[in-house]
Amino acid sequence: ISQTFLGGIHMYYKATLENSPFVETPLPEKRILRALISPELDPTNHDIAQGMTQMTPGCNSDLRAHAEGELFFCLDGKGTVLIADEVIELNRYEAVYVPPNTMHQLRSDRGEHFDVLWTLTPPFGGDKLVCDLAKKAAENK
């Protein structure tokens, strides 16, 4: 974990692919989930969580809703996001916001990979789940 302290005051937390816990989920929702920024990784952070979902063609995330809004930003590839009963196409460098308590699902259904950055504020526990699953997977190796 990369942290910098200045005069005893926590200044920032830097996430990298190397220090970010991740887990690969099994079929039918096979994808790589990575926690980048989380209170689980930086105890001084109570405001925000950010992570990445990497999906191969034909994979979906689980269908879910939670009390927090969620921002999705497509880093690479393309896919769709089901938001309530509407399907929104998301291409590279495009973003979409899912309001609180709205059912949603990521879908890699455009014939190519779909890499998505997700941001939650405040964190709701999806980041904690990724950290816990990554820890459990590491213990089982």
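The values are calculated or read from the model by the stated rules, or taken from the named source; none is laboratory data. Keep in mind that this is a model prediction, so the values were computed, not measured. Note that each Cβ is placed from the backbone with ideal geometry, even for glycine, and that neighbours are counted across all protein chains shown. Please note that ligands, DNA and RNA were not included when accessible areas were found on the heavy atoms of the full protein model with its side chains. Shrake-Rupley method; radii C 1.70, N 1.55, O 1.52, S 1.80 Å.
Annotations for the structure displayed:
- Atom-type composition of the exposed protein surface of the range 1-112 places 55 percent of the accessible area on carbon and sulfur (1.4 angstrom probe).
- Å² per residue, accessible surface of the chain at 1.4 Å: 56
- Kirkwood hydrodynamic radius of the range 26-106, from the reciprocal of the average inverse Cα-Cα distance over all distinct pairs: 13.6 Å.
- Degrees between helix 126-139 axis and first principal axis of the chain (Cα, 0 to 90, nearest 10): 80
- Of the trypsin sites (Lys or Arg not before Pro) in the range 9-108, the ones in a loop by DSSP (not H, G, I, E or B) with at most 16 other beta carbons within 10 Å are Lys30, Arg92.
- Using alpha carbons only: equivalent-ellipsoid semi-axes of the chain, gyration tensor based, whole Å: 26, 17, 14
- Relative contact order (%) - criterion: Cα under 8 Å, at least six apart; region: the chain: 27
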